[in-house]
1. Could you tell me which of the residues L50, L45, L20 is part of a helix (DSSP H, G or I), of a type in the set (A, V, I, L, M) and at pLDDT below 90?
2. Looking only at segment 68-87, filter to residues that are under 17 Å from the mean Cα position of the chain (by Cα) and free of Cβ contacts under 8 Å to residues at least 12 places away in the same chain; which one of those is farthest from Q42 (Cα to Cα)?
3. Tell me whether segment 60-70 contains one or more residues that are assigned to a loop (DSSP other than H, G, I, E, B), of a type outside the set (F, W, Y), touching a Lys or Arg at 6+ places or on another chain (Cβ under 9 Å) and at pLDDT 90 or above.
4. Tally up the residues in segment 41-66 that are touching a residue at least 12 places away in the same chain (Cβ under 8 Å), under 16 Å from the mean Cα position of the chain (by Cα) and open to solvent by less than 90 Å² (accessible area, probe 1.4 Å), please.
5. Before we move on, is H25 modelled with pLDDT under 85, exposed (fewer than 11 other Cβ atoms within 10 Å of the Cβ) and out of contact with any Pro (no Cβ under 7 Å at 6 or more places or on another chain)?
Amino acid sequence: MMRFEETWLAENLRKRDEELRREGHEKGHQEGHRRGHREGRQSLLRQLALQEFGPGGVAQLAEVLDERAGSDRDGALARAIIECDTVAQVIARARGL
């Protein structure tokens with residue numbers, strides 16, 4: 001009887017290990033996906049700021065551009081970069097987001 005219980009326990013541990021590995025892989029994949037989207041949005045915002053205000057403007061906006069935020073804030077920030085005439089205006093608008 002002891003051999004059966006050992007075999008049963010070993011099999012259940014193996015199955016649970018496989019489940020945990022799959023769950024970990026899925027969570028890692030999802031996190032990577034989110035991180036990729038976030039980094040892509042930040043890169044796009046930097047390119048947009050570079051086009052509108054040049055390298056000096058990007059440097060001034062670095063703190064605003066590096067903030068972690070969702071796509072709604074990033075979209076509003078992109079509109080601010082396009083619509084505002086100065087870096088100071090973009091920063092002021094970003095503070096209100």
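1. On the way: L50 fails: at pLDDT below 90; L45 fails: at pLDDT below 90.
Of the residues listed, the single one that is part of a helix (DSSP H, G or I), of a type in the set (A, V, I, L, M) and at pLDDT below 90 is L20.
2. Of the residues in segment 68-87, the ones under 17 Å from the mean Cα position of the chain (by Cα) are 68-78.
Within this subset, residues satisfying the condition of being free of Cβ contacts under 8 Å to residues at least 12 places away in the same chain are 70, 72, 75.
Numbers: G70: 11, D72: 13, G75: 11 Å.
The selected residue is D72.
3. The answer is yes, given that some residue of segment 60-70 is assigned to a loop (DSSP other than H, G, I, E, B), of a type outside the set (F, W, Y), touching a Lys or Arg at 6+ places or on another chain (Cβ under 9 Å) and at pLDDT 90 or above.
4. Total meeting the criteria: 7.
5. On the way: modelled with pLDDT under 85: yes; exposed (fewer than 11 other Cβ atoms within 10 Å of the Cβ): yes; out of contact with any Pro (no Cβ under 7 Å at 6 or more places or on another chain): yes.
Considered against the rule, which asks whether it is modelled with pLDDT under 85, exposed (fewer than 11 other Cβ atoms within 10 Å of the Cβ) and out of contact with any Pro (no Cβ under 7 Å at 6 or more places or on another chain), H25 comes out as yes.
The values are calculated or read from the model by the stated rules, or taken from the named source; none is laboratory data. Every value quoted in this text rests on a predicted model; they were computed, and no experiment measured them. Here the Cβ is made from the backbone with ideal geometry for all residues, glycine too, and neighbour counts use every protein chain on show. Quick note on the areas: whole protein, heavy atoms, side chains included, nothing else; ligands and nucleic acids left out. Shrake-Rupley method; radii C 1.70, N 1.55, O 1.52, S 1.80 Å.
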